[in-house]
Amino acid sequence: MSDTSEHPFTGDFDHWQMDLDAQNILWLSCDRAGESSNSLSEAVIAELGEIVAQAQTLTLAGLVIQSAKPASFILGADIREFDAFEDAAQVSAKIRQGHEVFSALENLKCHKVAAIHGFALGGGLELALCCDYICALNVPETRVGFPEVKLGIFPGLGGTTRLTERVGGMQGMQLMLTGRMLKAPAARSLGVIDELVDEYSSLQWVARRAVLKKRKPRKLAMAARLSNHQPARAGLAKVLRSKTAEKANPAHYPAPFAMINLWAEHRDNRRRMFEGEATQVGELMVGDTARNLRRIFFLSERMKGLGRAEDFKVKRVHVVGAGVMGGDIATWCVLQGFEVTLQDRELKYITPAIDRARKLFKKRLKKKAATSAAMARLIPDVEGRGVARADVVIEAIFENAEAKRALYAAIEPAMSEHAILATNTSALLLEDLARDLADPSRLIGLHFFNPVAKMPLVEVVHAENTDEMWVTRGCAFCAQINRFPLPTKSTPGFLVNRVLAPYLMEAFTLMLEGIDMHTIDASAIHFGMPMGPIELADVVGLDVCMNVAQTLAKGDVEAQRALLQAKLDAGDLGKKTGKGFYNWDKGRPDKRTIDVNSPYGDKLAQRLILPFLEECKAASAEGIVADDALLDAGIIFGTGFAPFRGGPMQYLKDTHSTKESV
């Protein structure tokens with residue numbers, strides 16, 4: 001640490017530590033009281049303002065901002081305070097106060113350095129950008145970025161101004177528009193970070209040297225400088241709007257488009273940029289989109305809490321069934337650092353899964369050594385020798401209860417007493433599958449969704465007689481493989497597939513009525529779904545859809561089954577065979593662009609979504625999951641249901657309230 005704890009400041013500070021060393025460098029350490037990590041609450045910013053005001057009266061050689069927390073720098077603003085604001089004007093007033101504090105820090109006459117370790121996100125990164133120089137610890141845990149668009153707003157404490165000044169307009173805007181978190185080397189390459197150190201013990205030494213030598217960021221290249229000025233800025237803004245519109249509807253997600261417009265109109269006027277942040281972020285923060293996205297953020301945090309790592313530690317996983325789901329589950333577990341044995345009847349059935357895994361490892365891990373290490377952890381195991389050593393055994397064979405029971409009879413005696421026995425069945429009841437086990441209370445469902453590497457949800461299925469210990473361990477395992485666990489009752493289709501069944505059947509009904517599938521899908525996307533139901537059917541697999549039609553669909557669906565059967569008879573199973581309802585080329589469907597922004601499109605979307613919502617209401621009434629908040633989380637993370645609407649139950653509540661008020 002610094003040379004002395006002496007400092008000339010007056011007043012009591014709960015969230016900041018100050019040390020003035022022998023070289024007259026002020027070391028300012030954020031240490032938010034009562035919290036395991038730092039975030040910028042109103043109190044933290046207010047105290048910083050008092051400290052900076054006093055620092056203005058001193059003659060300092062420099063100032064270093066760092067974190068006293070061991071795990072991170074500053075995670076950003078305290079999101080918990082956002083819902084306390086009554087209106088946009090109140091939010092804007094608080095933002096302006098923050099601007100005053102950050103600008104006062106930026107304008108201190110001494111040289112200022114930020115020393116980052118761990119996460120520096122949102123307001124934390126905006127604080128660092130007020131400094132003349134940024135150094136960081138080069139470890140995997142160090143990440144920087146602006147995730148605000150994921151919460152329905154954009155950086156409001158000077159980030160839109162200072163980041164684009166530092167790295168150029170195009171690079172800075174792209175980072176903020178995507179909400180990406182950069183690892184330390186990538187941030188250094190972009191120019192967000194100026195210097196990296198490999199040892200924590202060296203971080204303060206480098207920060208001290210940067211102060212004494214008055215180090216500055218590298219100069220921007222001419223093209224990057226020009227990107228913030230007209231006429232280049234107008235052209236780049238047009239490109240950014242177009243690319244952003246490919247991923248987000250401005251009617252649903254206004255924040256990124258508001259940020260582009262602010263930058264395009266006022267980037268060469270700092271005062272107007274800051275004022276634009278205050279007014280526009282204020283308006284966005286109290287809007288429905290931001291409110292619902294904050295709700296989803298808190299739900300995701302709740303789901304993470306369901307899988308406490310201390311409940312169960314996993315080292316080895318054994319997967320039986322090397323088909324698409326089983327192979328991809330095994331691959332994902334390897335990517336999370338586990339050793340995985342993959343079993344099937346013959347090696348020829350395992351080989352395709354190994355080949356798919358190699359492609360994913362190369363794509364995700366990049367480096368040859370890391371890919372080779374991952375491949376070494378994925379072990380073909382025809383004989384099933386890995387069962388005895390595994391902490392988790394996942395059955396992922398075809399959907400036949402008798403075959404699954406026969407498999408359990410073979411592997412249960414070989415399993416360790418502490419190991420989880422799980423099935424990846426998408427619809428079969430646990431009560432039926434577990435009936436012949438020596439301990440029927442041991443079996444749980446770990447229902448992954450396709451594609452495994454992208455879908456963040458796992459339903460942790462339990463029957464009435466399932467021992468709670470196994471559900472707890474299942475949730476802990478999900479957390480360790482970076483998936484959200486959703487404890488779900490063992491009922492037909494569980495939660496997600498049960499809700500999707502009537503949605504898909506309604507889409508097929510519309511097709512049978514002669515409505516073009518491109519129009520059907522476009523109307524669902526217009527509502528806010530990530531893809532249309534026909535494309536979804538292709539992605540899930542039309543064979544799986546047929547199983548859903550046979551086991552979960554209600555009412556007379558013979559015509560829909562016939563539609564699916566014709567595809568199956570032709571060998572067209574969807575994306576996995578390159579042809580389903582759509583033709584697929586390099587993983588993309590041959591979709592046409594259809595404009596459904598009309599009363600007709602709205603009516604079609606409502607017809608599609610109505611059976612989806614009705615089934616959610618039925619699942620809620622039956623208590624399939626613990627409460628409506630978790631139901632919303634499960635449907636959002638399991639189906640991609642329009643996040644800006646807050647989930648199906650929240651959407652029903654909001655639309656009901658709207659109708660009552662009209």
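The values are calculated or read from the model by the stated rules, or taken from the named source; none is laboratory data. Only a predicted model underlies this, so the values are computations on that prediction, with no experimental measurement involved. Virtual Cβ from ideal backbone geometry, glycine too; neighbours counted across all protein chains shown.
General remarks:
- Per the listing Lys112, Lys69, the residue uniquely buried (at least 18 other Cβ atoms within 10 Å of the Cβ), in contact with a strand residue (DSSP E or B) (Cβ under 9 Å, 6 or more places away or on another chain) and part of a loop (DSSP other than H, G, I, E, B) is Lys69.
- Selection count where residues are more than 17 Å from Arg162 (Cα to Cα), modelled with pLDDT of 95 or more and aliphatic (A, V, I, L, M), scope segment 80-118: 6
- Search result, residues across segment 573-589 that are outside any helix (DSSP H, G or I) and touching a residue at least 12 places away in the same chain (Cβ under 8 Å): Leu573, Gly574, Gly580, Phe581, Tyr582, Trp584, Gly587, Pro589
- Within segment 447-475, if we keep just the residues that are under 25 Å from Gly323 (Cα atoms) and among the small types (Gly, Ala, Ser), the residue that is nearest to the chain's Cα centre (by Cα) turns out to be Ala453.
- Here the condition is being more than 18 Å from Phe494 (Cβ to Cβ), assigned by TED's automatic domain parsing to the domain that holds Gly326, free of Cβ contacts under 8 Å to residues at least 12 places away in the same chain and of a type outside the set (D, E, K, R); of Ala419, Ala414, Ala438, Ala373, it holds for Ala373 alone.
- Among the residues of segment 477-519, those identified as among the acidic types (Asp, Glu) and closer than 14 Å to Arg607 by Cβ are Glu506, Glu513.
- Given (1) in a loop (DSSP other than H, G, I, E, B); (2) closer than 24 Å to Asn547 by Cβ; (3) more than 29 Å from the chain's Cα centre (by Cα), index of the condition Glu383 fails: (2)
- Lone qualifier among Met546, Met511 - being without any contact (Cβ under 8 Å) to a residue 24 or more places away in the chain and assigned to a helix (DSSP H, G or I): Met546
- Going through (1) crowded, with 23+ Cβ neighbours inside 10 Å; (2) within 30 Å of Lys304 (Cβ to Cβ) one by one, Ala507 falls short only on (2).
- Residues considered: Glu50, Glu100, Glu81. Of these, the only one that is in a helix (DSSP H, G or I), under 24 Å from Met181 (Cα atoms) and out of contact with any His (no Cβ under 9 Å at 6 or more places or on another chain) is Glu81.
- Residue that is nearest to Val458 (Cα to Cα) [pool: residues in segment 386-405 that are aliphatic (A, V, I, L, M) and assigned to a loop (DSSP other than H, G, I, E, B)]: Ala396
Each row is one residue, and each column tells you yes or no for (1) outside any loop (DSSP other than H, G, I, E, B); (2) free of Cβ contacts under 8 Å to residues at least 40 places away in the same chain; (3) within 12 Å of Val499 (Cα to Cα); (4) in the same structural domain as Phe527 (by TED's automatic domain parsing).
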position	(1), (2), (3), (4)
Lys591	no, no, no, yes
Tyr600	yes, yes, no, yes
Ile609	yes, no, yes, yes
Leu613	yes, yes, yes, yes
Ala629	yes, no, no, no
Ala633	yes, no, no, no
Ile636	yes, no, yes, no
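- Residue identified as within 16 Å of Glu50 (Cα to Cα) and in contact (Cβ under 8 Å) with a residue 12 or more places away in the chain among Ala71, Ala77, Ala104, Ala89: Ala104
- Residue in segment 55-66 that is small (Gly, Ala, Ser), closer than 22 Å to Ile95 by Cβ and out of contact with any Pro (no Cβ under 8 Å at 6 or more places or on another chain) present: no
- Subset tally (residues that are closer than 24 Å to Cys110 by Cα and part of a loop (DSSP other than H, G, I, E, B)) for segment 184-203: 4
- Wholly enclosed strands (runs of 3 or more DSSP E) of segment 406-485 bearing at least 1 residues among the small types (Gly, Ala, Ser) and either buried (at least 19 other Cβ atoms within 10 Å of the Cβ) or modelled with pLDDT of 95 or more (or both): 420-423, 443-447
Rundown of residues vs (1) crowded, with 21+ Cβ neighbours inside 10 Å; (2) assigned to a loop (DSSP other than H, G, I, E, B); (3) at pLDDT below 95, yes/no style:
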position: Leu177; (1), (2), (3): yes, no, no
position: Leu182; (1), (2), (3): no, no, no
position: Trp205; (1), (2), (3): no, no, no
position: Arg209; (1), (2), (3): no, no, no
position: Lys214; (1), (2), (3): no, yes, no
position: Arg218; (1), (2), (3): no, yes, yes
position: Ala224; (1), (2), (3): no, no, yes
position: Gln230; (1), (2), (3): no, yes, yes
position: Val239; (1), (2), (3): no, no, no
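- Against the conditions (1) over 27 Å from the mean Cα position of the chain (by Cα); (2) surrounded by 22 or more Cβ atoms within 10 Å (Cβ to Cβ), Gly172 satisfies every one except (1).
- Residue within segment 345-366 that is crowded, with 21+ Cβ neighbours inside 10 Å and over 23 Å from the mean Cα position of the chain (by Cα) present: yes
- Top-ranked residue in segment 315-336 [being modelled with pLDDT of 95 or more and assigned to a loop (DSSP other than H, G, I, E, B); ranked as surrounded by the most Cβ atoms within 10 Å (Cβ to Cβ)]: Ala322
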